[in-house]
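What follows is a single structure, written as structure tokens, with notes after it.
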Number of protein chains: 2
Amino acid sequence: MTTTPDVSAAWQAYQRMRMLLNGQINRELGRSTGLSEADYDILFFLEQSQDSSVRSIALRCGLAWEKSRLSHQLRRMEQRGLIEKAPGAVIHLTDKGREQIAAARDCHEAAVRRYFGDVLSAEQLTALATISDQVVARLTQDLPHHAH
Amino acid sequence: MTTTPDVSAAWQAYQRMRMLLNGQINRELGRSTGLSEADYDILFFLEQSQDSSVRSIALRCGLAWEKSRLSHQLRRMEQRGLIEKAPGAVIHLTDKGREQIAAARDCHEAAVRRYFGDVLSAEQLTALATISDQVVARLTQDLPHHAH
DNA sequence: ATCAACGAGTTGACACATCAACCACGGTTC
DNA sequence: GAACCGTGGTTGATGTGTCAACTCGTTGAT
């Protein structure tokens, strides 16, 4: 009411897509691989890093995660044998982790294509990328580095 | 790699926007009102319902939530005095709840406008709404009613 | 009338995310 | 050197979301 109908309608539509889309992809990924979206993000980042290992701080910046979130997640993943912590805050991908991310990649990319890539035209995809970049730029301009 | 660069780039940009945008709005809402996004959704739905009360099933369908999520959320909100459960699975908005949603509405709408509505053009807003509707339609066509 | 089937709602266990408080260490600056 | 501060990382408490299993009431078939 206070906001323009355009803004409100777009926001509501976006909110619904966000919840349903990520819920579905998360569900499919978890069912068929036992990995969560958070697991997948970490393993994906590690896999395509040189030597399959990165500093914690690189993960934090690359994924834009809060530090305590990363710490908890890495602890859980180390307990499951997906990663190893080396001195110097270095994170190594284990063989088990490499195996699981390889199995999960197809499932994840198929789900993204099925519910996202195949549904939208090339113009829509680039439009969404532009929209996202603008919003992200707005968000990161006010919060330089703090608030982490 | 397997996916088209367009799809992958759009997906990554969207993922980043999703995390940062909802994180920021959630944070601002929580800091200044003590309500979470989930609280806000419930209270908002209740406030604009006739008699400030709805059946649980209406909430579940209207918000597209899983039933256990709704149950847990309603239990927590009743403990805080924001809502009341009446026989027949009817949920009432309490005075305290009405007061809090009124205070939170401005904050929430301002945040949505600041980080979302003001950043995008009218064309972008309608394009995003269309995109969202298409994706949601794709998601709900395969899963008729089950899986809830 | 009985029993099976279904759906709404609840519960408990667990994973996940956030916050605040803390520890450790590498810089200052005096 | 000593007190200080900013930053990276950890921890514990709490709120949130999901799954599976359960209760309960209604419905439909035999």
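The values are calculated or read from the model by the stated rules, or taken from the named source; none is laboratory data. This structure is a prediction, so every number in the text was calculated from the model and none was measured. Cβ coordinates were reconstructed from backbone atoms using ideal geometry, including for glycine residues, and neighbour counts include every protein chain displayed. For the accessible areas, the whole protein counts, side chains as well, though only heavy atoms, and no ligand, DNA or RNA atoms are used. Shrake-Rupley method; radii C 1.70, N 1.55, O 1.52, S 1.80 Å.
Quick notes on this one:
- Accessible-area value, B:H92, 1.4 Å probe, nucleic acids and ligands omitted, Å²: 60 Å²
- Straight-distance crosslink candidates among lysines, where the alpha carbon sits under 22 Å from B:K67 and sequence neighbours closer than 8 are dropped: B:K85
- Among the residues of B:118-129, the average count of other protein chain beta-carbon atoms within 10 Å of the residue beta-carbon is 6.
- Rounded, prolate or oblate (a/c below 1.5 giving rounded, otherwise prolate when a/b exceeds b/c) for segment B:14-148 by Cα gyration tensor: oblate
- Label point of A:A64 (7 Å along Cα→beta-carbon): distances to the other copies' equivalent points are 2.2 nm, sorted ascending.
- Per-selection Rg to Rh, the protein assembly as shown - Cα, Kirkwood hydrodynamic radius: 0.98
- Projecting 7 Å from Cα along the Cα-to-Cβ direction, the label point of B:G30 sits 1.9 nm from its equivalents in the other copies, listed shortest first.
- As computed over segment A:1-46, the Cα convex hull volume per residue (Å³): 82 Å³
- Considering only A:A103, A:A64, A:A122, the mean-square fluctuation computed in a Gaussian network model of chain A, springs between alpha carbons under 10 angstrom, is largest for A:A122.
- Partner chain coverage, peptide A:107-116 - average Cβ within 10 angstrom: 4
- Estimated [θ] at 222 nm from DSSP helical runs (n ≥ 4, -39500 (n - 2.57)) normalised by residues in the protein assembly as shown, nearest 500: -22500 deg cm²/dmol
- For the residues B:F44, B:F116, a 1.4 Å probe over the protein chains yields an accessible-area ranking, largest first, of B:F44, B:F116.
- Computed with every protein chain present, the accessible area of A:D95 is close to 120 Å² [probe 1.4 Å].
- Selected from B:S52, B:I25, B:I83, residue furthest toward positive end of dipole (chain B; charges at beta carbon): B:I83
- Copies compared at B:T130 - label distances in nm, ascending, label defined 7 Å from Cα in the Cβ direction: 1.3
- Computed on chain A, with alpha-carbon pairs under 8 angstrom and 6+ residues apart, the relative contact order is 23 percent.
- Accessible area (Å², per residue) of the protein assembly as shown, counting only protein heavy atoms and a probe of 1.4 Å: 51 Å²
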